[in-house]
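See below for the structure under consideration.
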């Protein structure tokens, strides 16, 4: 206090307690991809991480999903057998949806509108998602083909270095790229998490993960071969993709059919009506209704005509159903980000995000048995891939909680990696208050008390293993213990924190043995 020169009473206040450590948020994913728009009151949000908390805010800043102006399908009548799918392009096998109506083959294929971010955001929030960041790298294109660019997605990942809050990185549209480009984007995500920031993990999707592993090439094997060996402890992957209910009937119309294919659609419906033996007058009336496909474009009239076509034509229903089925096949990464958020809020970041059901999911695209999962979970290379499996009476469950670094006893499990990130970031931010404080015993005791109090709270909530706090953690700081006299002269204060993080009971063994009858 100042010099006491005037007679009177002076009050001196002293701090009695050390600073506290505030637990940082653990479930704040960042999504990178293409959106309808990216603006806030006239200011561009392109390549700018922007925080939202709901789909309403997503609609406000980034618009809605691709409409019929962007998402288009072609319909072709095939004489004879259906052709083999094209090779070398992403989604090739999934695009070719064969239809057979009255022994006539048709081929339905998506020609444009290959965007996944909007549907994945819906899936994220339906699985418990909360606050997140969006990095829009571009807007939708009405041009035919796949317009996703690897360089833009990579730049979006780099922009996240400016934000400290995100704890997960998800790039759903990376799987739309060619294999080599997808690999480069996913490697960039791993490097961003493991080398640049070191405070977040990457949730990766398997390229062509909707395919069975028996299809050559094996999608899981190709993923392991191409992902590399760097920063594997900061990444996790899930297989297979999932059949969802995100896209509803009202989201699709006949306007999603290419103009060049609408004549084929009209003729197919008319042929179907003619084969039903309808009275000539009614047939003429229905044929005139079908011809409106080429002319009616107003939204309200389109909805009425689509409803009429649904009533009169099973073939039209088949087309709409196949289109909806195609768009509802989604990679699981965004939904898993929602699962992480839900589990963190309900149990804590130390609870493994597994044995949890997925919402808005009908089934995995590939059924996986117990034996088939063995190679996913444990491999000589250690690149574990978590399974998404369907169980009778239970639905579709997440059945794995490993990072890609499956051979590491330190970082094998997702919850261990994420818990350690939370502890490190929380203590790091709290310790900034002690920078430039005197490097003396009082400061050391303050640091030790601050960290110990924080870890005691985590232990009480079940985040650390041990019957008593002394078994769960220990904090070491002091001259001759963590520092040398030279460290103090150089202004270095070293603190060592040892923690026993709880690990999941991944394998439960119950032993049964017969005993002799006792009575």
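In percent, how large is the relative contact order of the stretch 435-499, given Cα pairs closer than 8 Å and 6 or more residues apart?
Numbers: 56 pairs, mean separation 19.9, N = 65.
Computed value for the stretch 435-499: 31 percent relative contact order.
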**Request:** State log₁₀ I(q)/I(0) for the chain at q = 0.06, 0.09 Å⁻¹ as given by the Debye formula over alpha-carbon point scatterers of equal weight, solvent excluded.
**Result:** -0.39, -0.74
**Item:** Inter-part distance where the stretch 107-142 and the stretch 447-498 are each reduced to a Cα centre, Å
**Value:** 44
**Prompt:** Any idea what Rg and Dmax come out to for the stretch 1-85 if you just take the C-alpha atoms, in Å?
**Reply:** 30.6, 109
**Request:** Please determine, in degrees from 0 to 90 and to the nearest 10, the orientation of helix 280-291 with respect to the longest principal axis defined by the Cα atoms of the chain, where the helix direction is its Cα long axis.
**Result:** 40
**Prompt:** So how do 264, 295, 245, 341 line up by other beta-carbon neighbours within 10 Å, fewest first?
**Reply:** 295, 245, 264, 341
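Can you give the FRET efficiency for residue 139 and residue 394, using 1/(1 + (r/R0)^6), R0 = 51 Å, r = Cβ-Cβ distance, to the nearest 0.05? Write down the numbers at each step before the final one.
Details: r = 41 Å, r/R0 = 0.80.
Efficiency, rounded to the nearest 0.05: 0.80.
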**Request:** Mind jotting down the distance between the C-alpha centroids of the stretch 238-293 and the stretch 155-170, whole Å?
**Result:** 43
**Message:** Given bins 5 angstrom wide, list per bin the percent of all Cα-Cα distances in the stretch 232-305, short to long.
**Reply:** 3, 12, 17, 16, 14, 11, 7, 5, 5, 4, 3, 2, 1, 1
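Relative contact order, percent, of the chain when contacts are C-alpha pairs under 8 Å separated by at least 6 residues?
Relative contact order here is 16 percent.
Only helical DSSP H runs with n ≥ 4 go in: add -39500 (n - 2.57) per run for the chain, normalise by residue count and round the 222 nm mean residue ellipticity to 500 deg cm²/dmol. Don't jump to the answer; show the numbers that get you there.
Working: 16 runs with 180 residues, N = 519.
That comes out to -10500 deg cm²/dmol.
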**FRET efficiency, 1/(1 + (r/R0)^6) with R0 51 Å, evaluated for residue 222 and residue 496 via beta carbons** = 0.75
**Message:** If I fit a long axis through the Cα atoms of helix 441-460 and take the longest principal axis of the Cα atoms of the chain, what angle between them do I get, 0 to 90°, rounded to 10?
**Reply:** 40
**Request:** Return one number: the angle in degrees, 0 to 90 and rounded to the nearest 10, between the long axis of the Cα atoms of helix 414-431 and the longest principal axis of the Cα atoms of the chain.
**Result:** 50
**Item:** Computed over the stretch 435-499, Cα set: Rg, Dmax in Å
**Value:** 13.4, 40
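Translational diffusion coefficient of the stretch 140-194 at 4 °C, 1.567 mPa s, Stokes-Einstein with Kirkwood Rh over Cα pairs, in µm²/s as a whole number. List each step's numbers first, then the result.
On the way: Rh = 12.0 Å.
D, rounded to a whole number, is 108 µm²/s.
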**Asked** Between the stretch 349-402 and the stretch 198-223, how many Å separate their Cα centres?
**Response** 13
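How big is the stretch 466-519 by the Kirkwood estimate over distinct Cα pairs, in Å?
Working: mean 1/r = 0.0630 Å⁻¹.
For the stretch 466-519, the Kirkwood estimate is 15.9 Å.
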**Fill in**
Where a ≥ b ≥ c are root eigenvalues of the Cα gyration tensor, a/c under 1.5 meaning rounded, otherwise prolate if a/b exceeds b/c and oblate otherwise, the stretch 169-249 counts as oblate
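Coordinate-derived values only; no laboratory data. No experiment lies behind these values; they were computed from the predicted model shown. In this analysis, Cβ positions are derived from the backbone assuming ideal geometry, glycine residues included, and neighbour counts consider all displayed protein chains.
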